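Q: Pasting a structure here, questions to come.
The values are calculated or read from the model by the stated rules, or taken from the named source; none is laboratory data. Note that the coordinates shown come from a computational prediction; the quantities given were computed from them, not determined experimentally. All Cβ positions, even for glycine, are placed from backbone atoms using ideal geometry, and neighbour counts span all protein chains on display. Calculation scope for accessible area: heavy atoms of the full protein, side chains included, ligands and nucleic acids excluded. Shrake-Rupley method; radii C 1.70, N 1.55, O 1.52, S 1.80 Å.
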Amino acid sequence: MDRYSSGMLTTLSRGLDNKCSVFPINGGNSPPSTASGGSGGGNNDSPVTTLQNKKVVAMHTSYLSACTFTDSDHQLLTASGDGTCALWDVGSSQLLQSFHGHQSDVMDVAMSPDECGNLFISGGCDRNAIVWDMRSAKHVYSYQTHESDINTVRWFPSGETFATGSDDGTIRMYDLRADREISCYKRTSVLFGVNSVDFSISGRLVFGAYNDYLVHVWDVLRGQKLITLFGHENRASCMRVSPDGTAFCTGSWDSTLRVWA
């Protein structure tokens, strides 16, 4: 599951079936059905909630790598291994706009935190980070300073800069006002790819989830690594800071979620 709607009524799912589906939370207007779990006698059975009324909204010609709601719960944005991003209408499941510019798989997208919500960024296996204007369907900025695939993109809280994480083991920041890369967070001891990044609420810290099972925390202003967090037993694949900024959660190939505070 990738994203919740602003009203927390629906969530999105995407994957290798080339589809993006919308699920109502708690079954939407109808109650969730339950099925018995486990085996043996009835005393050991536990109810398993299953979501009803799943709706397929988007379909690409290759796997979906990312999906997110726009500033409206009625539209969603997807990224795909077919090299495109796309805007979809949730109600009608109609394609509203395609965004062509990457030369390889698009791995992530992120909507601007600006209240106008007209910009989004995408990063892909062509080492390119592109800033798009949804109104014109054209890219307004493009940066290609990484040395390998870009796996993740994330806006700085102000919406004027953004960060990317790459298989080259670096996190890089780009400023739209300066129209260039302004920081690169790397150390010779950090050799593995970055799968996910996020900022603290203040923007002073940037967190990175890496292939070496670790989470590295960097000081945005000084460019220094502050701390390394241990705990996962396989690659850390995703992360997100809580809305109040007091904790963040990481997901891993070790089949666990861990909350850090």
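Q: Specify the residue with the greatest mean-square fluctuation among Tyr63, Tyr141, Tyr185, computed from a Gaussian network of the chain linking alpha-carbon atoms under 10 Å apart.
A: Result: Tyr141 has the largest fluctuation of those listed.
Q: Just reorder Phe23, Phe192 by solvent-accessible area, largest first, 1.4 Å probe, all chains present.
A: Ranked list, largest accessible area first: Phe192, Phe23.
Q: While we're on this one: Over segment 108-163, what percent of the accessible surface lies on carbon and sulfur atoms, probe 1.4 Å?
A: 40
Q: Please calculate the 1.4 Å probe accessible area of Thr188, with all protein chains present, and give it to the nearest 10 Å².
A: 130
Q: Going by accessible area, probe 1.4 Å, with all protein chains left in place, what is the ranking of Glu160, Glu147, largest first?
A: From most accessible down to least: Glu147, Glu160.
Q: Just the Cα atoms of segment 137-261, one point each, no solvent: what log10 I(q)/I(0) does Debye give at q = 0.20 Å⁻¹?
A: Treating every Cα as an identical point scatterer, log10 I(q)/I(0) equals -1.12.
Q: Before anything else, pin down the relative contact order of the chain: Cα pairs under 8 Å, at least 6 apart, normalised by residue count, whole percent.
A: 8
Q: Kindly report, to the nearest 10 Å², the accessible surface of Lys55 as traced by a 1.4 Å probe over protein heavy atoms only.
A: 70
Q: Could you identify which residue out of His139, His102, His74 has the top mean-square fluctuation in a GNM of the chain using Cα springs shorter than 10 Å?
A: Highest fluctuation of the listed residues: His74.
Q: Count the net charge of all other residues whose Cβ sits under 10 Å from the Cβ of Asp198, scoring Lys and Arg as +1 and Asp and Glu as -1.
A: Net charge in that neighbourhood comes out at +2.
Q: Still on this structure, please answer the following. How much area per residue is accessible in the chain when the probe is 1.4 Å and only protein heavy atoms are counted (Å²)?
A: 49
Q: So for Trp260, Trp155, what's the accessible-area order with a 1.4 Å probe, most first?
A: Trp260, Trp155
Q: Search the structure for amide H atoms under 5 Å from the amide H of Met107, placed 1.01 Å from N in the peptide plane, and list their residues when 5 or more places away or on another chain.
A: Here Gly123, Gly124, Cys125 satisfy the definition.
Q: Here is a further query. Using only the alpha-carbon atoms, what does segment 167-234 span along each of its principal axes? Please give whole angstrom values in decreasing order.
A: Ordered largest first, segment 167-234 gives principal extents of 40, 25, 18 Å.
Q: Subtracting the Cα-Cα distance from 0.36 nm times the residue separation, let me have the gained length for Val140 to Ser200 in nm, one decimal.
A: Using 0.36 nm per residue and subtracting the Cα-Cα distance, I get 18.9 nm.
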